1. How would 39, 65 line up from fewest to most surrounding beta-carbon atoms within 10 angstrom?
2. Could you list, in their original order, any pairs among 92/172; 21/176; 131/172; 52/125 whose Cα atoms are separated by more than 25 Å?
3. Kindly write out, for region 166-172 in residue order, the coupling ³J(HN,Hα) from the Karplus curve 6.51 cos²θ - 1.76 cosθ + 1.60 (θ = phi - 60°), rounded to whole Hz, with x marking Gly and Pro.
4. Any chance you could list P(r) for region 27-72, counting all Cα-Cα pairs in 10 angstrom bins from zero, rounded to whole %?
5. Work out from phi, with θ = phi - 60° and the Karplus expression 6.51 cos²θ - 1.76 cosθ + 1.60, the ³J(HN,Hα) of each residue of region 37-53, listed in order in whole Hz, and give x for Gly and Pro.
6. Would you look at the GNM of the chain, springs on alpha carbons closer than 10 Å, and say which of 156, 14, 210 moves the most?
7. At a Cα cut-off below 19 Å, give the lysines reachable from residue 25, other chains included and same-chain residues fewer than 8 away excluded.
8. Taking residue 205 as the anchor, which aspartates and glutamates have their alpha carbon closer than 13 Å to its alpha carbon, excluding any fewer than eight residues away along the same chain?
Amino acid sequence: MKGDTNFVLVHGAWHGGWCWKHVAKNIRQHGFNVYTPTLTGLGERSHLISNKITLNTFINDVSGLIEWEQLENIVLVGHSFGGLAAIGVADKLPERIKHVVLLDAFLLNNNQSTMESLPSTVVDKLRAIAKQHDGLTIPAPSASSLGISDPEQARWVESLCTPHPISSYESKFYIKNKIGNSLPVTYIAVEPEYIPTSGARDYAKSRSDWNYITIEAGHDAMVTHPELLATLLIDLA
């Protein structure tokens, strides 16, 4: 039943729960419950920025929401960097989740950090940017680099994005089970590819037990194509 299905939408780097505004509205209009948590140090929680924020912090943010709201029958969606949190939650609370959706998401090997998955030139650049900024964060990129060409959408996103804690890029990714934890998983890749996702697409394609979908949208598909994305998520539910 629709009312028994809970969508938990997890944003990526620099964003907050706000980025799902239009997707969440559309899904709710179809009778589903939708939750859009903001991860520690970002969005309206940017005042909590520190060098103690790790991937595990983000996993705990989302799993905490699930436990305190007593959610079950969850369609768990992780966008971009938020895909790591989604995979971590699926590893931790598989009995609460019925489908994992990875939207143009990053994936890491167990005991690997995001920095370790990137070319050394990119790592050096990110660390230099953080050092020049405040030593704690990486400033948000332009909306155009996220595949957003509409001026109004670009202004909205750039006005609300906040710097991302670099410590979460440096921290290791730990899971106990195989990625996806034997749950139904759908990977949604956007075309064209705006943000290289460290081999995540190739990995997703290699998983015969996963569903792989491509859509024409920006990397921030929840902004550029909210109705298309909402319809797709509802179909998956």
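Every number in this text was worked out from the coordinates using simple rules, so none of it is lab data. This one's a predicted model, so the numbers in the text were calculated from it and none came from an experiment. Note that we place each Cβ from the backbone using ideal geometry, even for glycine, and neighbour counts take in every protein chain shown.
1. Ordered from fewest to most neighbouring Cβ atoms within 10 Å, 39, 65 come out as 65, 39.
2. Violating the 25 Å limit, Cα to Cα: 21/176.
3. Listing the rounded values in order: 5, 4, 6, 6, 7, 6, 7 Hz.
4. 23, 45, 25, 6, 0
5. Per-residue couplings from phi come out as x, 9, 6, 4, x, 10, x, 6, 10, 5, 5, 9, 4, 6, 8, 9, 6 Hz.
6. 156
7. 2
8. By straight Cα distance, residue 205 reaches 104.
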